[in-house]
Structures are given as structure tokens and as C-alpha cells.
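Shown next, in C-alpha cells, is the structure this report addresses.
Please treat every number below as a calculation from the coordinates, not as lab data. Note that this is a predicted model, so its numbers are computed, not measured. A quick note on method: Cβ atoms are made from the backbone with ideal geometry, for glycine too, and the neighbour counts reach across all protein chains shown.
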Amino acid sequence: MAVTIAVTNQKGGVGKTTSAINIAYYLAKEGRRVLLVDLDPQGNASSGLGIDKDNLDATTGEVLLQTTELAVAVKATDYKGLSILPTTSHLANVEAELANVQNKFTRLKTALQSVDGYDVIIIDCPPSLSLLTINGLIAAKFVILPVQAEFYALEGLGQLLETMKLVRKGMNTGLELLGVLPTMMDSRTTLSNQVHQEIVKHFGDKVFQTAIPRNIRLAEAPSHGVPVGAYDRWSKGARAYKAVAKEIEQRLEAKR
Ligand SMILES: Nc1ncnc2c1ncn2[C@@H]1O[C@H](COP(=O)(O)OP(=O)(O)O)[C@@H](O)[C@H]1O
Ligand SMILES: [Mg+2]
């Protein structure tokens, strides 16, 4: 069975989608069969992988509404071993609709249980502690928490950890924090380094050894619809995500 990892933080702009895309890409490059689930109505993971959102038969929304099979909605990408369950802004309406259905918290879990053929499933969560995010946390075994190395980085995390605790008490007792990923580090600035220290003080060895630097290539790649590894594989950003993917492999191996 696939191991499922939710990339989550209710703050926007902290590097969730960038991390989800590039971790998925490098895990696939290492030979894993990877499914990236776009669970954010903004659909940035879909466009970041070059998906033409105007030409989709089905999306995450229909899968959650159970009007289509997951396998029908999944798209192959240009990268060997990497598929995506794409999303459009329609998912925002679906979320409102889901509020009134049965099993609204376990729709994603149920859908993901029905597929095989993947080693890893990465869920790119929206920037909120919404019904969609709860679906992500209930479907996942692990959480990766990207934290932007800037002022206020730790603010709001208490709420997320509290939500994880509730999910653990209720519908997903096995949910685990796999790692905390400092993003957009600028190691030349005192602030970035101070925040990094704060993150380590708070999360200890849950923090990945690799921190993701602020790197223009990471910001440029999505506008070309490609992972950074396909855009500029020698860039600092690409090398950092490759290293993080390796750490993830090691942590998963250690937990097996
Ligand atoms: N390490 C980085 N260096 C530079 N820009 C980044 C980096 N990580 C993300 N970005 C850019 O910052 C913005 C927010 O990142 P994104 O991954 O979309 O965050 P989230 O999914 O948490 O909202 C995007 O424009 C993205 O291209
Ligand atoms: Mg995002």
C-alpha cells in the first residue's frame, strides 16, 4: 500500500505547493511511483506541473463528490513515475457542497484507498484548516510541515498542531509528523537564522537537516509549468529539494 503524506500549513505562501511538487518529482525520479493530489482550489500544483485546467474530464472535486472514479481523474505527467490528481477552482464549490454530505471527512481517504499502483501519495493542502485540509489529514499517515523562515513563522502553528491532535484522537489515530521543512531561508540574514533556530528549538530532530533556500529558480519554474528539477536542476533550490526527498526516503525507511 502507498504511504500517504499531507503537505500542510494553514498559512498561505509558505512553500507548501512548491514543496509538494518538487518532493513528488524527486521521489519519482528516484524510482518511486508517485501520485500528487492537488487539494487546493487554487490548483497551483496542477498548473505548476503544466496541467491544462480547461481540458480536464474530472478533478479532485468530482472524486470527493464520488461522481467519478479516482483513476479517471488522474493524469500522467511528463515525468516518469509522477501522476497528478488535478484541481480547478470548482473545488471551492465542491467544498461547500461537501459540508452537507455523509462521511464528509473521509471522502479523500476512501478515494485513495481504492487505488493501487503507487508507492507514495503526496497531498498538497489548501492554506486553511478547512474541511478539505481535514480530509487531507485523515487520508494521510504522515504530515510534512513547511515553515517559512520569516517573522511570525511559528504563529498559528499551535492551531495546526491542535487540529492534528484532534484528528489523532478521532478519525486517524496513526497520523504522524514526518518532518518540519524550513523554507525560503536566506542564511545571510540574521532573521532567517534566528527563525531557523526557533524552529529547531520547537521541533527538535523533526526538522529536516536540509533547509530550502530562497531561490529565484523555484519561483520561476511554475510559470513554465515544470518542477525545478526539469527547469534548472543545478540550481540551489533544485539541489535542496533533491536532498529533502532523500531525507524523506530515509525517514520512511526507518519507520517501516
Ligand atoms: N524557496 C523559495 N524561493 C523563492 N520563492 C519561493 C520559494 N518557495 C516558494 N516560492 C514562491 O513563493 C510563492 C508561494 O509558494 P507556494 O509554494 O505557492 O506556497 P503555498 O503553497 O504554501 O501557498 C510562490 O510564488 C512560489 O513560487
Ligand atoms: Mg499552495
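In table form, for the structure just shown:
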{"quantity": "Among beta bridges that DSSP assigns inside the chain, antiparallel share in %, nearest 5", "calculated": "5"}
{"quantity": "Burial ranking of peptide ranges 158-169, 61-72, 139-150 (average Cβ count within 10 Å, highest at the top)", "calculated": "139-150, 61-72, 158-169"}
{"quantity": "Estimated distance in nm for a label pair at Asn103 and Lys169, the labels positioned 7 Å out from Cα along Cα-to-Cβ", "calculated": "2.6"}
{"quantity": "Extension gain from Ala243 to Asp116, taking 0.36 nm per residue of separation minus the Cα-Cα distance", "calculated": "43.0 nm"}
{"quantity": "Value at 222 nm in deg cm²/dmol, rounded to 500, when DSSP H runs of n ≥ 4 in the chain each add -39,500 (n - 2.57)", "calculated": "-12000 deg cm²/dmol"}
{"quantity": "Contact order normalised by residue count of the chain, Cα under 8 Å, 6+ apart, percent", "calculated": "26"}
{"quantity": "Between the stretch 2-51 and the stretch 181-199, the alpha-carbon center distance in angstrom", "calculated": "23"}
{"quantity": "Inter-label distance for Ala254 and Glu198, nm, one decimal - labels placed 7 Å from Cα along Cα-to-Cβ", "calculated": "2.6"}
{"quantity": "Gyration tensor verdict on the stretch 17-74 (Cα atoms; rounded if a/c is under 1.5, prolate if a/b is larger than b/c, oblate otherwise)", "calculated": "prolate"}
{"quantity": "Out-of-range pairs (alpha-carbon distance over 24 Å; input Lys141/Lys236; Lys75/Lys236; Lys75/Lys165; Lys104/Lys141)", "calculated": "Lys141/Lys236; Lys75/Lys236; Lys75/Lys165"}
{"quantity": "For peptides 96-108, 124-136, 206-218, sequence by mean Cβ density within 10 Å, most packed first", "calculated": "124-136, 206-218, 96-108"}
{"quantity": "10 Å beta-carbon shell around Leu178, net charge (K/R +1, D/E -1)", "calculated": "+2"}
{"quantity": "Total formal charge among the other residues, if their Cβ is under 12 angstrom from that of Lys80, Lys/Arg +1 and Asp/Glu -1", "calculated": "+1"}
{"quantity": "Kirkwood Rh, Cα atoms: Rg over Rh of the stretch 3-255", "calculated": "0.94"}
{"quantity": "Among 78-89, 242-253, 11-22, 184-195, the order from most to least packed when residues are scored by Cβ within 10 Å on average", "calculated": "11-22, 78-89, 242-253, 184-195"}
